1. In the chain, what percent of the accessible surface is made up of carbon and sulfur (1.4 Å probe, ligands and nucleic acids excluded)?
2. Output the 0 to 90 degree angle, nearest 10, between the alpha-carbon long axis of helix 2-11 and the longest principal axis computed from the alpha carbons of the chain.
3. With N set to the residue count of the chain, report its C-alpha Rg divided by 2.2 N^0.38 Å to two decimal places.
4. What percent do you get for the relative contact order of the chain when only Cα pairs under 8 Å and 6+ apart count?
5. Leaving out ligands and nucleic acids, note down the accessible area per residue over the chain with a 1.4 angstrom probe, in whole Å².
6. Please give, to one decimal in nm, the separation of the simple spin-label points placed at ALA36 and GLN84, each 7 Å out from Cα toward the Cβ.
7. Given q = 0.23 Å⁻¹, what are the Debye log10 I(q)/I(0) values for the range 111-232, with equal point scatterers placed on the Cα positions and solvent ignored?
8. Round to the nearest 10 and report in Å² the accessible area of VAL95, as given by a 1.4 Å probe over the protein chains' heavy atoms.
Amino acid sequence: MVTELTALLTQLRLPHAAAVLDQWLQRAASEELSYADVLIGLLREEVTQRQEAEVARQLRLADFPFAATIEQFDFHFRSDLKRQVILRYLDPSFVARAGSATFIGPPGLGKTMLVICIATKQVQLGASARFITAQTLATQLGRTTTPLGRQRLLRPLLACDVLVLDELGYLPTSTDFGPALYELIAGRYEHRPTLITSNKSLTDWAAITHDVSLASAIIDRLLHHGDVFYLKGPSWRLKGRRPDPPSDTEGVG
């Protein structure tokens, strides 16, 4: 009977339930569980396993450069960021609101880690996400030679529930970057949320887009339903590191 049940569960594409069937039958015998209890337990485990597998798949598709969760983020070190403020980005309403959050500051402040933490939480809640650096986007745009190729490049970035655009402004870009960035932000505006990190103040974004009007239009959409955080302080990467001792030749010549 167990063999037949296992085969039927496998045929119904319930592989996890088939794998744990024998354990549930043993538990039913020892704990005197009802048929309904066993069936509910099997199906719950199958659903949980599928949800975990889907989260893992979405995390792979997101292409985050490293794994990070909000529990790992040190709000004590980054005291200018209030945990209560960031919590608004960690529940399902963030995707529903279709807003944005832009984190601006010099390198080493934990901006990338924070947006990955937020996007990871949204994936755990059932959303899809994509991560791309501004430089990667610029490089890929430079390789596209047709409008169709450009649309193919932007389509997954427009369609995902949460987009992370990292390191905007860190490296110079060509003149075709500004229109593509506008298309991306405008296409997601009021539809899907976007997370951005940059080392450039909003007033300097015209240099990124090579066009004052484009920069203004992009910023206007980001500010309408979004927040901008200016971060400052010591580098995250140097946290806990002692300053180098003075050398014997310090001050000479």
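1. 55
2. 40
3. On the way: Rg = 24.2 Å, N = 253, 2.2 N^0.38 = 18.0 Å.
Rg over 2.2 N^0.38 Å, computed on Cα atoms: 1.35.
4. Numbers: 327 pairs, mean separation 56.2, N = 253.
It rounds to 22 percent for the chain.
5. Numbers: 14590 Å² over 253 residues.
Ligands and nucleic acids excluded, the figure is 58 Å² per residue.
6. Between ALA36 and GLN84, the simple spin-label model gives 4.5 nm.
7. Evaluating at q = 0.23 Å⁻¹ gives log10 I(q)/I(0) of -1.61.
8. Approximately 40 Å² for this residue.
The values are calculated or read from the model by the stated rules, or taken from the named source; none is laboratory data. Because the structure is predicted, anything quoted here is derived from the model rather than measured. Because the Cβ atoms are built from the backbone with ideal geometry, glycine has one as well, and the counts that use them run over all protein chains shown. Surface accessibility is based on the protein's heavy atoms, side chains included, excluding ligands, DNA and RNA. Shrake-Rupley method; radii C 1.70, N 1.55, O 1.52, S 1.80 Å.
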